[in-house]
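*Asks:* Dumping the structure here so I can ask a few things about it.
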């Protein structure tokens, strides 16, 4: 696919810049033609970075130019890695751009403004399981691709070695914060952490606080917290180490950051809300335990450390009409005490590293990005399909788990027509690209022969066989996607469904689910009654004029038989 990646420039020392640096070249290496549209970090004209074309932004997020950049690159999709809510879809509505936001959800519930924007996207991706849950509650069905970490750059360094390199005393208990200081109230809970540390430090004379954030005086109205005044107020002058402002703005580099994380006894990151929390992941990749809030994405990323219980925070209403959680200062203080008691615990530091290994960037590309991009490509193909039956199949297929795809009732026409759907060809091609098995069965030997000749003509494996669906399905392993389009008798369709073992998350599609004058839902009529009786959620989706299809999902799967 041709991908336009719209986010911070890969050399920018920001969370989004880091993810761009990690994933853009790897997706290009995986075979995608990729360019970057930099909403931050590049102005004046395009450049080439590591062989990748980079387009400049023209304003704060560059949205007035993004449709033109997409058209210039001839992009199949434009992946937007940043907040969804500031984006105005009118900037791409007439350009043909397919916007695919990879966006954060950092408050609860999903903000209406975020929901409104994402509903207008071609497809959407979240990077936390929390975000996925919030979207699903709001009626959205995003893909899930988490952020990642370079496990080669971020790995544990012996603490004594790391501290020596940084000039940090070996015998001190060092708490660190790696956080952006750019908004008020501080989303990263900077004032709360500093106050909690001040209380903690009164009992522990060996405690130090390292602040990897902007600390110099800021003009009134900048949005940043004046850290210097906070340090003075809490009398912490000799207990706080701050990052060098110049090197902070230029970016410290991965190797230096790995030294910092390895030197810390814990990373304090109990934010009011996180879409992901890259420093939380990076710190644990270096073996550093973390202190986080057990809300938004933070809880799922805490592999070793301390989670502040949600009840020890207060809901905080935001300008997006949703809630952050403001941690109690005493709760942060208790978290510091808990981590002080396990300082130097080698097992805890190993536990942190093991948890982070599930988010290695190369694993994320293989396990998440590649399947998601394949699914998006299938959706594009469905959008371009010549008939709506095929489009519905290609739209539904990406929602199914990886596994065998089975069709009962093969294509019957040499050329694609709306009433037939050419389903065998579309499904076979999509399964080939997904790397999953496709099986098609039909009772008529002539139809089987014809379908295999069509597949051969299209350069696809001839995988159609003679068989009665009610019989052959009993012999198969659990099916991930089942398409029923053979007999017009609702009893036959019921028998086929009954015979099929379904994998957890399996999708079932039944063609010709429109009234035929005898049965209200055509060949799907018995299934509609069965599903309604057992509370199985399903949709009746219009396809070609006068036609419809039933689509149902089975989150827990199904054994052979009628047990639902």
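*Asks:* Could you look through region 174-192, keep only residues that are at pLDDT 90 or above and surrounded by fewer than 21 Cβ atoms within 10 Å (Cβ to Cβ), and pick out the one that is farthest from the chain's Cα centre (by Cα)?
*Replies:* Only one residue tops the list, namely 191.
*Asks:* Which condition from (1) surrounded by fewer than 17 Cβ atoms within 10 Å (Cβ to Cβ); (2) part of a loop (DSSP other than H, G, I, E, B) is the one that residue 486 breaks?
*Replies:* With (1) surrounded by fewer than 17 Cβ atoms within 10 Å (Cβ to Cβ); (2) part of a loop (DSSP other than H, G, I, E, B) applied to residue 486, the lone miss is (1).
*Asks:* Let me ask you something else. Report whether or not residue 432 is assigned to a helix (DSSP H, G or I), buried (at least 22 other Cβ atoms within 10 Å of the Cβ) and at pLDDT below 95.
*Replies:* no
*Asks:* Would you say residue 231 is touching a helix residue (DSSP H, G or I) at 6+ places or on another chain (Cβ under 6 Å) and either in the same structural domain as residue 290 (by TED's automatic domain parsing) or free of Cβ contacts under 8 Å to residues at least 60 places away in the same chain (or both)?
*Replies:* Judged against the criteria, residue 231 is not a match.
*Asks:* Which members of region 378-397 meet the condition of being surrounded by fewer than 22 Cβ atoms within 10 Å (Cβ to Cβ), in contact with a helix residue (DSSP H, G or I) (Cβ under 7 Å, 6 or more places away or on another chain) and part of a helix (DSSP H, G or I)?
*Replies:* Correct list: 379, 381, 382, 383, 391, 395.
*Asks:* Among 502, 460, 455, 473, which is under 17 Å from residue 437 (Cα atoms) and out of contact with any helix residue (DSSP H, G or I) (no Cβ under 7 Å at 6 or more places or on another chain)? Write out each step before concluding.
*Replies:* Values: 460 fails: out of contact with any helix residue (DSSP H, G or I) (no Cβ under 7 Å at 6 or more places or on another chain); 455 fails: out of contact with any helix residue (DSSP H, G or I) (no Cβ under 7 Å at 6 or more places or on another chain); 473 fails: out of contact with any helix residue (DSSP H, G or I) (no Cβ under 7 Å at 6 or more places or on another chain).
Sole residue among the options that is under 17 Å from residue 437 (Cα atoms) and out of contact with any helix residue (DSSP H, G or I) (no Cβ under 7 Å at 6 or more places or on another chain): 502.
Matching residues to (1) over 29 Å from the mean Cα position of the chain (by Cα); (2) farther than 20 Å from residue 404 by Cβ; (3) outside any loop (DSSP other than H, G, I, E, B):
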| residue | (1), (2), (3) |
| --- | --- |
| 506 | no, no, yes |
| 513 | yes, yes, no |
| 516 | yes, yes, no |
| 526 | yes, yes, yes |
| 541 | no, yes, yes |
| 546 | yes, yes, no |
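*Asks:* Please work out if residue 268 is touching a strand residue (DSSP E or B) at 6+ places or on another chain (Cβ under 9 Å), assigned to a strand (DSSP E or B) and within 27 Å of residue 157 (Cα to Cα).
*Replies:* Here the answer is yes, as residue 268 does meet what is asked.
*Asks:* Being out of contact with any strand residue (DSSP E or B) (no Cβ under 9 Å at 6 or more places or on another chain) and buried (at least 24 other Cβ atoms within 10 Å of the Cβ) narrows it down to one of 287, 293, 319, so name that one.
*Replies:* On the way: 293 fails: out of contact with any strand residue (DSSP E or B) (no Cβ under 9 Å at 6 or more places or on another chain); 319 fails: buried (at least 24 other Cβ atoms within 10 Å of the Cβ).
Residue meeting the stated conditions: 287.
*Asks:* Within region 555-564, does at least one residue satisfy the condition of being on the phi > 0 side of the Ramachandran plot and exposed (fewer than 14 other Cβ atoms within 10 Å of the Cβ)? Don't jump to the end; show me each part of the working.
*Replies:* Step one: of region 555-564, the residues on the phi > 0 side of the Ramachandran plot are 557, 561.
Keeping just the survivors that are exposed (fewer than 14 other Cβ atoms within 10 Å of the Cβ) gives 561.
Yes, that holds for at least one residue.
*Asks:* Tally the residues that are outside any strand (DSSP E or B) and free of Cβ contacts under 8 Å to residues at least 40 places away in the same chain, restricting the search to region 98-123.
*Replies:* Summing the residues that are outside any strand (DSSP E or B) and free of Cβ contacts under 8 Å to residues at least 40 places away in the same chain in region 98-123 gives 7.
The values are calculated or read from the model by the stated rules, or taken from the named source; none is laboratory data. Note that the structure is a prediction, hence the values are computed from the model and not measured. Note: ideal-geometry Cβ built from the backbone for every residue, glycine included; neighbour counts use all protein chains shown.
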